[in-house]
Amino acid sequence: MSMTEPVETMAEPWDEFDAPPSVVRTLPGAAPIVPKDSIAGRSLAVVVAIMTFLASLTTGAAMLVVSAASDWQSEVGREVTIKVQPAPGRNIDADVRAACDIARAAPGIAEVRAFTKEESARLVEPWLGAGLALDDLPIPRLIVVKIAAGMRPDFASLRQALAARVPTSSLDDHRRWIDRMRTMAETAVIACVAVLALVWAVTVLSVTFATRGTMAANRPIVEVLHYVGATDSFISSQFQRHFLILGFKGGAIGGGVAILLFAVAEAANGWLAGTPGGDEIAGLFGNLSIGIAGYLAILLQIVFMALLTAFASRRTVNRTLEAID
């Protein structure tokens, strides 16, 4: 052998890790750091599916509550009620006619309808029962006043006119009920946001424990990669990609089931339309439709859960690698 000939040295097994991560990923026969199919991975996908389903149900429920409350406020806000109390020495029928004339003369009023004595009596039957002699009871007469679309009558002036001509009358613009509905809707939305926060917190904890378990099972491989020069970013990206895929799978399953559930509820509400049960459901919950915005919100929930899973995994891996250092 000539003195000028280069001396060949035996390549060590770890020499290949000096290559960039992109080269390491393309080495022949290279296996992924994180197994693609494992019991822990499948269990985490099930957990993410359940959490996404609960988050989607919560989101849809919040949108239904807001929609129903908005419909209720719109319905109640389109009407006001004038109540005429019977009083000694006064003709209640004349008072009712006078109150109707005052209401019709007010600007912004579309329709005025006075309840008859029999209709007023039927309103108290659920509390007093049917078949009672109600002639001697001071049952007030009600007048329903519908407001014209886009109009806002001057209720203060209407109250003054009623008080001057029909002192036994009172005007209820239902403002108290509208405020209660608004408060109820806001409370329901806050409760839904709190539930969503709990669901997201449980998801982060589940992913954290799953990532730690996966790193513990593959700790020798992770340590070898770490000591021979593989960057923390490269190692954490492997876990992030793995858990991102798991998050998308679980989120798609959970969100898909939620979308199917809302679609079935909307279809059932359409089938029951016009029936007594359907009218009761529509009166309480509206049309049970979350609309396009609701379905888009569920799709965004799926994406968010997948990204949350990936973020929690990468954060856990980076903290573990810092401990190895």
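The values are calculated or read from the model by the stated rules, or taken from the named source; none is laboratory data. Bear in mind that the values here come from a model prediction, so they are computed numbers and not experimental data. Glycine gets a Cβ as well: all are built from the backbone with ideal geometry, and neighbour counts include every protein chain shown. These accessible areas exclude ligands, DNA and RNA; they are computed on the full protein's heavy atoms, side chains included. Shrake-Rupley method; radii C 1.70, N 1.55, O 1.52, S 1.80 Å.
Please compute the length gained on full extension between ARG42 and LYS146, using 0.36 nm multiplied by the number of residues separating them and subtracting their Cα-Cα distance. Don't skip to the answer; put the middle values down first.
Working: separation 104, 0.36 × 104 = 37.44 nm, distance 5.90 nm.
That pair, ARG42 and LYS146, stretches by 31.5 nm at full extension.
Figure the gain on full extension for GLN160 and ILE221 (residue separation times 0.36 nm, minus the Cα-Cα span) and round it to one decimal in nm.
Values: separation 61, 0.36 × 61 = 21.96 nm, distance 8.50 nm.
Difference between extended and current length: 13.5 nm.
Could the peptides 175-181, 293-299, 208-214 be put in order, highest first, of the mean number of other beta-carbon atoms found within 10 Å of their residues? Walk me through the intermediate numbers first.
Working: 175-181: 13.4, 293-299: 16.7, 208-214: 19.1.
Going by the mean number of other Cβ atoms within 10 Å, highest first, we get 208-214, 293-299, 175-181.
Could you tally the net charge around ILE50, taking each other residue with its Cβ under 14 Å from the Cβ of ILE50, Lys/Arg +1 and Asp/Glu -1?
+2
Using a 1.4 angstrom probe on heavy atoms only, work out the carbon and sulfur share of the accessible area of the stretch 168-235 in %.
C and S atoms contribute 70 percent here.
Would you please calculate the Kirkwood hydrodynamic radius of the stretch 154-198 over all C-alpha pairs and express it in Å, rounded to one decimal? Let's see the in-between values first.
On the way: mean 1/r = 0.0755 Å⁻¹.
Evaluated on the stretch 154-198, it is 13.2 Å.
Starting from the 7 Å offset along Cα-to-Cβ, what nm value, one decimal, do you get for the label separation of ARG180 and LEU300?
Placing both labels 7 Å along Cα→Cβ, they lie 3.3 nm apart.
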